[in-house]
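All remarks here apply to the structure that follows.
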Amino acid sequence: MNKPEPDWRWSTPEGSREFDRLMDGLLSFREKIQWIEEIETLHERFAENRMKKRIAENQAAPSRP
């Protein structure tokens, strides 16, 4: 698979859509599914870390009478 060269425009809304269209044409169905699964795993890890951070902040906060 020929990967496109990184471009600063991909950080803009229009560039992001352009990148999506470009990658849609290059990835196989299996690669798209794998990419989605990896993103879901990352999302779950972020959610777990946010929860751990909230718990730690609540435990460290001084209790008010």
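Annotations
- Segment 26-49, subset part of a helix (DSSP H, G or I) and among the aliphatic types (A, V, I, L, M), residue farthest from the chain's Cα centre (by Cα): LEU26
- Taking segment 50-65 as the range and being in a helix (DSSP H, G or I) and either exposed (fewer than 10 other Cβ atoms within 10 Å of the Cβ) or among the aromatic types (Phe, Trp, Tyr) (or both) as the test, the residues that pass are GLU57, ASN58, GLN59, ALA60.
- Every residue from segment 29-38 that is modelled with pLDDT of 90 or more and either surrounded by 10 or more Cβ atoms within 10 Å (Cβ to Cβ) or hydroxyl-bearing (Ser, Thr, Tyr) (or both): GLU31, ILE33, GLN34, ILE36, GLU37, GLU38
- Residue pairs meeting the criteria (Cβ under 9 Å; at least 6 apart or on separate chains; first touching a residue at least 24 places away in the same chain (Cβ under 8 Å), in segment 1-23; second surrounded by 10 or more Cβ atoms within 10 Å (Cβ to Cβ) and not in a helix (DSSP H, G or I)): MET1/LEU27
- Being over 18 Å from the mean Cα position of the chain (by Cα) and not aromatic (Phe, Trp, Tyr) is a property that holds for LYS52.
- Any hit, segment 3-10, residues being out of contact with any Asp or Glu (no Cβ under 6 Å at 6 or more places or on another chain) and modelled with pLDDT of 90 or more: no
The values are calculated or read from the model by the stated rules, or taken from the named source; none is laboratory data. All of these numbers come straight from a predicted model, not from anything done at the bench. Positions of Cβ are backbone-derived with ideal geometry, glycine not excepted, and every protein chain shown enters the neighbour counts.
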